[in-house]
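Asker: First the structure, which I've put down as structure tokens, then a few questions once you've had a look.
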Amino acid sequence: MPDTTRILDTIDCPGDLKALNEAQLKELCAEIRAQLIATTSVTGGHLAPNLGVVELTVGMYRALDCPPDMVVFDVGHQAYVHKLLTGRRDDFDTLRTYGGISGFPKRSESPYDLYGSGHASDSLSIALGYALARDARGGDEAVVAVIGDGSMTGGMAWEALNQIGQCQTRLIIILNDNEMSISRNESAFEASLGWARMNPRYWETREKIQRKLSRPRVGRGLVRLGTRVKDSFKHLVVPGMIFEELGIVSVGPLDGHDLGLVEAAVKAAREMDGPVLIHAVTRKGKGYEPAQSNPSLFHGIGAFDPATGKTPPRAEGAAPTYTEVFAQALIAEADRNPDIVAITAAMPAGTGLDKFKQACPERFIDVGIAEGHAVGLAAGLAFGGRLPVLAVYSTFLQRGYDQLIGDVALQGAHVVFALDRAGFVGDDGPTHAGLYDLTYLRTIPTMRILAPSDEAELVCALHTALGLDGPVAVRYPRGAGTGAVLPEAPTSWEVGRAVRRRACACAGERSQGSGRGQVAILAVGHMLQRAQAAAELLAERGIEASLWDMRWVKPIDEDCVRAEARSGRLLVTIEENTIRGGFGAAVAEFLSAEGLTVPLLQLAVPDEFSVQGPIDTLLDEAGLSPARMATRIAERLTKLPQG
């Protein structure tokens, strides 16, 4: 019988790669690509970036000795190959699933995962920290940072480069440039330039030219000519001039799919005394035609048919996603208001702004992975008379917190923040969870926060935010809406006013208290649906509960809270945010300020980092299932004084 054992099945650690010959390495790369496609077609994930770094990762690890050598990945979108080569091959089919391995490097998962990445542009800082720690203890291991060209748009990366150039410690930076299409001959030429710059004669030649051009007796015209010659020489032989100006030797660009070339470059870089940047050009989706043809779609994709690359069609009659509704509503608002400008930080498709770009290209701005800059830019646009809407994932807006305070709120700039992926995000796990926005936004004076309970409410919340002044945030979850009918024309909400969705039996109007019910539920955002189900379960137990769609997290509806508190009911707050500092905390703060003593039960996400898994599963695990909430409410009622 023929041997059907894959070469991949013999690789338990990066050191096993060194025993393979050229033919075996080629076969291994094909097997890795097949495994990537097979797994992500079921679990979803970041397929295109990983297909593009197969040879890069294999070549890098052949040149290193890990451990003790160390590799730090930026973002982690390109770390699946790393996982396959570092002992997680047999568990790879659990990628991004509940209880399975993470879609990103994770320190608790493997000793090879030196940093739990998930956000961009920070690998250089982390790697420099490792390198300086190595120097302090007298070590000699190599430290490598793998960073993509997209991450280089982030300011943190350039702050680190500045420090790396200053420190001049041994550090290898692999710049994975997957936005450029190159041929083999072209990359061979560029690689030869890189090797020239590794050669000591290059440095001697450059210094000799610079000395000759700086002689005092050279005429002014010749000096000008000489300056141009010097610059031309550097551009010819030093494509990475900007890095070298920072004190970092730059090699390449070279073909990142030439495994032998990558291996040789990393080996040469290991011998250098200071920092070296290897510019490797790769192609997203390489080896899988659907991903090569549409790398944006396959950058992060759900389950798909591996034979065709097609994703399952949406079920007939399925509700649109919140993201789709937001995009549609923003385009409609822009048709009515020519001052509206939409901003994204490298996430046009993820935030729905790709549709806005098609409709209003002259009013669309993509700043790259630079959230702090995006917030500051929005402030400047507002000062200049425009109406900026920054659509951003909740977790990524955290990176612009300083600008939220100093550039926007303190200055009174009218900027609308559309916070997508608020709450649990599912398979991407804790690095992407939007569980903190209510907390960090509530701390900012003048900030107003709206939390629509369904997609129809989202349309009106956006319309309301655009009509206010100062900073306003609208937060909404990932995934499909409830199927609510979208309004033909949006309406504006009264600031700080909640809406009662369920009244207690025999309950009076709000101004008259709460009637004979025992519980008042104050729900935030799309948790309203779960709160409604919990109220119905309570009713089956003979416990009457009123239910409020709070709409506003800042300012809260003080009249609503005051009236319900004075009725003596148990107040229950429900939100998909960390329990620390969110909506429940806002209610508690108000009750304290008013001198109202009333039983209060805060139902929110526990004060701990989340895991990956289906959003409904994570909500249930957090104690936010209707059944669990109803039980907790009933249990709290039994502990209250009777009479």
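The values are calculated or read from the model by the stated rules, or taken from the named source; none is laboratory data. What you see is a predicted model; the values in this text were computed from it and never measured. We place every Cβ from the backbone using ideal geometry, glycine too, and count neighbours over all the protein chains shown. Note: accessible area is taken over every heavy atom of the protein model, side chains too, but ligands, DNA and RNA are not part of it. Shrake-Rupley method; radii C 1.70, N 1.55, O 1.52, S 1.80 Å.
Asker: Quick one: in segment 447-462, of everything that is open to solvent by less than 10 Å² (accessible area, probe 1.4 Å) and assigned to a loop (DSSP other than H, G, I, E, B), which residue is farthest from Thr323 (Cα to Cα)?
Answerer: Step by step, filter segment 447-462, then rank; the result is Met447.
Asker: Output the residues belonging to segment 27-42 that are in contact (Cβ under 8 Å) with a residue 60 or more places away in the chain and surrounded by fewer than 19 Cβ atoms within 10 Å (Cβ to Cβ).
Answerer: Of everything in segment 27-42, those that are in contact (Cβ under 8 Å) with a residue 60 or more places away in the chain and surrounded by fewer than 19 Cβ atoms within 10 Å (Cβ to Cβ) turn out to be Ala30, Ala38, Val42.
Asker: Now for a separate question. Take the residues in segment 416-427 that are assigned to a loop (DSSP other than H, G, I, E, B) and out of contact with any Phe, Trp or Tyr (no Cβ under 7 Å at 6 or more places or on another chain), then tell me which one is nearest to His299 (Cα to Cα).
Answerer: Asp427
Asker: Please go through segment 94-103 and give me each residue that is in a loop (DSSP other than H, G, I, E, B) and either within 24 Å of Gly15 (Cβ to Cβ) or among the β-branched types (Val, Ile, Thr) (or both), ordered by number.
Answerer: Leu95, Thr97, Ile101, Ser102
Asker: Pull out all pairs, ordered by first then second residue, where Cβ-Cβ is under 6 Å, the residues are six or more apart or on different chains, the first lies in segment 447-476 and is under 20 Å from Gln532 (Cβ atoms), and the second is among the basic types (Lys, Arg) and open to solvent by 10 Å² or more (accessible area, probe 1.4 Å).
Answerer: Ala451/Arg475
Asker: Then there's this: Quick one: Gly129 ticks every box in (1) part of a helix (DSSP H, G or I); (2) surrounded by 21 or more Cβ atoms within 10 Å (Cβ to Cβ) except a single one, so which number is it?
Answerer: (2)
Asker: Contact list please: Cβ distance under 8 Å, first residue in segment 428-446 and closer than 28 Å to Ala303 by Cβ and of a type in the set (S, T, N, Q), second residue part of a loop (DSSP other than H, G, I, E, B) and open to solvent by 10 Å² or more (accessible area, probe 1.4 Å), pairs at least six apart or on different chains.
Answerer: Thr431/Gly116; Thr431/His119
Asker: Tell me which residues, restricted to segment 303-334, are open to solvent by 70 Å² or more (accessible area, probe 1.4 Å) and either under 17 Å from Cys460 (Cβ atoms) or of a type in the set (Lys, Arg) (or both).
Answerer: Answer for segment 303-334, where residues must be open to solvent by 70 Å² or more (accessible area, probe 1.4 Å) and either under 17 Å from Cys460 (Cβ atoms) or of a type in the set (Lys, Arg) (or both): Lys310, Arg314, Glu324, Gln328.
Asker: Here is a further query. Would you be able to tell me the number of residues in segment 318-348 that are part of a helix (DSSP H, G or I) and out of contact with any helix residue (DSSP H, G or I) (no Cβ under 9 Å at 6 or more places or on another chain)?
Answerer: So the answer is 1.
Asker: What pairs come up if the first residue lies in segment 281-306 and is touching a residue at least 24 places away in the same chain (Cβ under 8 Å) and within 17 Å of Asn176 (Cβ to Cβ), the second is of a type in the set (S, T, N, Q) and not in a loop (DSSP other than H, G, I, E, B), and their beta carbons are under 6 Å apart, counting only those six or more places apart or on different chains?
Answerer: Once the first residue is touching a residue at least 24 places away in the same chain (Cβ under 8 Å) and within 17 Å of Asn176 (Cβ to Cβ) and sits in segment 281-306, its partners that are of a type in the set (S, T, N, Q) and not in a loop (DSSP other than H, G, I, E, B) give Thr282/Asn176; Gly285/Gln292.
Asker: Taking only pairs six or more apart or across chains, which ones have beta-carbon atoms under 9 Å, a first residue in segment 496-509 that is under 24 Å from Ala586 (Cα atoms) and among the aliphatic types (A, V, I, L, M), and a second residue that is surrounded by fewer than 17 Cβ atoms within 10 Å (Cβ to Cβ) and at pLDDT 75 or above?
Answerer: As it stands, the answer is Ala498/Asp559, since those pairs meet every condition given.
Asker: If Gln163 meets every condition in (1) farther than 30 Å from Val611 by Cα; (2) open to solvent by less than 20 Å² (accessible area, probe 1.4 Å); (3) assigned to a helix (DSSP H, G or I) apart from one, which number is that one?
Answerer: For Gln163, the exception is condition (2).
Asker: Considering only segment 283-306, I want to know if a residue exists there that is outside any strand (DSSP E or B), touching a Lys or Arg at 6+ places or on another chain (Cβ under 8 Å) and small (Gly, Ala, Ser).
Answerer: Checking segment 283-306: at least one residue is outside any strand (DSSP E or B), touching a Lys or Arg at 6+ places or on another chain (Cβ under 8 Å) and small (Gly, Ala, Ser).
Asker: Related question: Restricting the search to segment 626-635, which residues are open to solvent by 20 Å² or more (accessible area, probe 1.4 Å) and either closer than 17 Å to Leu435 by Cβ or under 38 Å from the mean Cα position of the chain (by Cα) (or both)?
Answerer: Pro626, Ala627, Arg628, Thr631, Arg632
Asker: Condition first: in contact with a Gly (Cβ under 9 Å, 6 or more places away or on another chain) and on the phi > 0 side of the Ramachandran plot. Now tell me which residues in segment 84-115 satisfy that.
Answerer: Arg96, Gly99
Asker: Still on this structure: Are any residues in segment 84-104 β-branched (Val, Ile, Thr) and either closer than 15 Å to Arg33 by Cα or within 24 Å of the chain's Cα centre (by Cα) (or both), and if so, which ones?
Answerer: Selection gives Thr94, Thr97, Ile101.
Asker: Of the residues that sit in segment 403-418 and are in contact (Cβ under 8 Å) with a residue 40 or more places away in the chain and out of contact with any Gly (no Cβ under 7 Å at 6 or more places or on another chain), which one is nearest to Leu95 (Cα to Cα)?
Answerer: Across segment 403-418, the extreme among qualifying residues is Ala418.
Asker: Test Ala413 against the criterion of being open to solvent by less than 10 Å² (accessible area, probe 1.4 Å) and part of a loop (DSSP other than H, G, I, E, B), and give yes or no.
Answerer: Spelling it out, Ala413 is indeed open to solvent by less than 10 Å² (accessible area, probe 1.4 Å) and part of a loop (DSSP other than H, G, I, E, B).
Asker: Name the single residue, out of those in segment 104-119 being touching a Ser or Thr at 6+ places or on another chain (Cβ under 6 Å) and surrounded by 23 or more Cβ atoms within 10 Å (Cβ to Cβ), that is nearest to Asp12 (Cα to Cα).
Answerer: Pro105
Asker: Looking only at segment 538-596, filter to residues that are closer than 30 Å to Ala433 by Cβ, assigned to a loop (DSSP other than H, G, I, E, B) and touching a residue at least 60 places away in the same chain (Cβ under 8 Å); which one of those is most open to solvent (accessible area, probe 1.4 Å)?
Answerer: Per the stated criteria, the residue is Arg580.
Asker: Here's something else I'd like to know. Return the pair list, or none, for Cβ contacts closer than 7 Å from residues in segment 141-159 that are in a helix (DSSP H, G or I) to residues that are among the charged types (D, E, K, R), at least 6 apart or on different chains.
Answerer: Ser151/Asp74; Met156/Asp122
Asker: With respect to the numbered conditions (1) open to solvent by less than 20 Å² (accessible area, probe 1.4 Å); (2) of a type outside the set (Asp, Glu); (3) in contact with a Phe, Trp or Tyr (Cβ under 8 Å, 6 or more places away or on another chain), which one is the sole condition not fulfilled by Phe364?
Answerer: For Phe364, the failing item is (1).
Asker: A follow-up question, please. Is there a residue being in contact with a Pro (Cβ under 7 Å, 6 or more places away or on another chain) and either open to solvent by 10 Å² or more (accessible area, probe 1.4 Å) or at pLDDT below 95 (or both) anywhere in segment 425-434?
Answerer: yes
Asker: Let me ask you something else. Which one of the conditions (1) polar (S, T, N, Q); (2) closer than 21 Å to Ala480 by Cα; (3) assigned to a helix (DSSP H, G or I) does Gln612 fail to meet, given that it meets all the rest?
Answerer: The one condition Gln612 does not meet is (3).
Asker: If you scan segment 349-361, which residues turn out to be surrounded by fewer than 19 Cβ atoms within 10 Å (Cβ to Cβ) and either touching a residue at least 60 places away in the same chain (Cβ under 8 Å) or outside any helix (DSSP H, G or I) (or both)?
Answerer: Within segment 349-361, just Cys360 meets the criteria.
Asker: Still on this structure, please answer the following. Could you list, in sequence order, the residues of segment 582-625 that are closer than 26 Å to Arg562 by Cα, under 33 Å from the mean Cα position of the chain (by Cα) and small (Gly, Ala, Ser)?
Answerer: Gly582, Gly584, Ala585, Ala586, Ala588, Ala604 - these are the residues of segment 582-625 that are closer than 26 Å to Arg562 by Cα, under 33 Å from the mean Cα position of the chain (by Cα) and small (Gly, Ala, Ser).
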